[in-house]
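Below you'll find the structure, written out as structure tokens, and then a few comments.
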Amino acid sequence: MTARILDGNALSAKLRSELAAQAAELTARGVQPGLAVILVGDNAASAVYVRNKVAACEKAGIRSLKFDYPQDAQPAAVLAKIAELNADPAVHGILVQLPLPPRFDEKVVLEAISVDKDVDGFHAENVGRLSQGQPAFFPCTPHGVMKILEYGDIPVTGSDAVVVGRSNIVGKPMAMLLTQAGATVTVCHSKTRDLAAHTRRADILVVAMGRALAIGAEMIKPGATVIDVGMNRFPDGHPQAGKLCGDVDFDAAKAVAGAITPVPGGVGPMTITMLLANTVESARRAAEGGR
Ligand code: NDP
């Protein structure tokens, strides 16, 4: 068997062109969607993510504002900027790129963002509302995974889903969304006793471990849908050393799985697409006087 490839680039292109049309319509009504992005410090990967997000906004007709702070910035300065952006009616989404330098308390920073502008969906109130099925915004990466499943015609209701990883930004909200969609969900993590015993039962396997090539073909049920969230580099000694790879050994897994996302070109582009979707949705609510 060779798995069907769930192409996140193609789905993103389709959804982004729909979002660009919605952004143009809102702009014509005098409400151009606006996203403010705050980057603190000199993390090279974060700088690339922010650049990609800003470029995607511009392409979709969303106004982006970027605020850079040095590694030794004071938390008070960033919190003051967030307060200013919360009050700015031209800003519909506020994103603080994580991780923040060690002197910052991430929780305090994320909760300073107005719930109505929390387009990443990381605010504690949004997390709580997500568990009740009604967040102001769905967190982008798990929401992007749900879209991949939806557009890939993968049945979720009644399926056995396994999520590997329990982080606040991927694993936990992923498990909640799958549960709400009717899957029976198992969440695995570093303390799980026999990971393969769980992954081999999964009709839908979502992997968000941050461990290059950790999931091999022998850990996948034949015909399963495999969603690889991981973004790592092939290890030294590998023929593709240094290039981007996922948590799943894609070449081996695609011979067993029924459908699979590649890395790159799977979940990654969908994360940014859902950020754009949340920003456009926030602007739509503002245009309709929803807040
Ligand atoms: P974290 O490091 O916060 O979480 C990793 C999770 O994997 C933890 O819950 C950890 O368990 C679990 N884990 C680690 N090792 C094992 C193991 N050997 N067996 C079972 N579970 C294990 O990472 P994130 O959730 O932030 O990200 C995960 C991956 O997804 C990363 O590669 C990241 O770069 C990528 N990512 C990709 C995005 C995209 O848009 N494509 C967006 C966000 C992240 P424990 O809790 O016990 O430590």
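The values are calculated or read from the model by the stated rules, or taken from the named source; none is laboratory data. What you see is a predicted model; the values in this text were computed from it and never measured. In this analysis, Cβ positions are derived from the backbone assuming ideal geometry, glycine residues included, and neighbour counts consider all displayed protein chains. To get the accessible areas, we keep the full protein, side chains included, count just its heavy atoms, and leave off ligands, DNA and RNA. Shrake-Rupley method; radii C 1.70, N 1.55, O 1.52, S 1.80 Å.
Brief remarks on what is shown
- With a requirement of 3 or more residues that are of a type outside the set (Gly, Ala, Ser), farther than 18 Å from residue 266 by Cα and not assigned by TED's automatic domain parsing to the domain that holds residue 45, the strands (runs of 3 or more DSSP E) lying completely within the stretch 177-234 that satisfy it span 184-188.
- Flag for residue 99 being surrounded by fewer than 17 Cβ atoms within 10 Å (Cβ to Cβ) and touching a residue at least 40 places away in the same chain (Cβ under 8 Å): yes
- Residue among 61, 93 that is surrounded by 15 or more Cβ atoms within 10 Å (Cβ to Cβ) and at positive phi: 61
- Count of the stretch 190-212 residues which are within 6 Å of the ligand (Cβ to nearest atom) and more than 19 Å from residue 130 (Cβ to Cβ): 7
- Taking the listed residues 144, 171, the one that is in the same structural domain as residue 211 (by TED's automatic domain parsing) and under 25 Å from residue 286 (Cα atoms) is 144, with no other qualifying.
- Evaluating residue 84 against the criteria (1) out of contact with any Ser or Thr (no Cβ under 9 Å at 6 or more places or on another chain); (2) in contact (Cβ under 8 Å) with a residue 12 or more places away in the chain leaves one unmet condition, (2).
- Of all residues in the stretch 1-23, none satisfies the criterion of being modelled with pLDDT under 95 and open to solvent by less than 60 Å² (accessible area, probe 1.4 Å).
A quick yes/no check of all residues on (1) over 18 Å from the mean Cα position of the chain (by Cα); (2) of a type in the set (A, V, I, L, M, F, W, C):
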site: 68; (1), (2): yes, no
site: 92; (1), (2): yes, no
site: 95; (1), (2): no, yes
site: 104; (1), (2): yes, yes
site: 123; (1), (2): no, no
site: 129; (1), (2): no, no
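- Failed condition for residue 252, given (1) in contact (Cβ under 8 Å) with a residue 12 or more places away in the chain; (2) more than 14 Å from the chain's Cα centre (by Cα); (3) over 26 Å from residue 166 (Cβ atoms): (3)
- Considering residues of the stretch 258-283 that are within 13 Å of residue 136 (Cα to Cα) and not aliphatic (A, V, I, L, M) only, the residue surrounded by the fewest Cβ atoms within 10 Å (Cβ to Cβ): 281
- Unmet criterion (only one of (1) within 14 Å of the ligand (Cβ to nearest atom); (2) free of Cβ contacts under 8 Å to residues at least 12 places away in the same chain) for residue 179: (1)
- For the stretch 256-291, a tally of residues being more than 21 Å from the chain's Cα centre (by Cα), part of a loop (DSSP other than H, G, I, E, B) and either near the ligand (Cβ under 10 Å from one of its atoms) or more than 20 Å from residue 148 (Cα to Cα) (or both) returns 4.
- Number of positions in the stretch 214-255 that are open to solvent by 10 Å² or more (accessible area, probe 1.4 Å), acidic (Asp, Glu) and within 16 Å of the ligand (Cβ to nearest atom): 2
- All of 65, 110 fail the test of being within 16 Å of residue 140 (Cα to Cα) and aliphatic (A, V, I, L, M), apart from 110.
- Selected residue (criterion: nearest to the ligand (Cβ to nearest atom)) from residues of the stretch 141-173 that are in a loop (DSSP other than H, G, I, E, B), more than 28 Å from residue 95 (Cβ to Cβ) and open to solvent by 30 Å² or more (accessible area, probe 1.4 Å): 153
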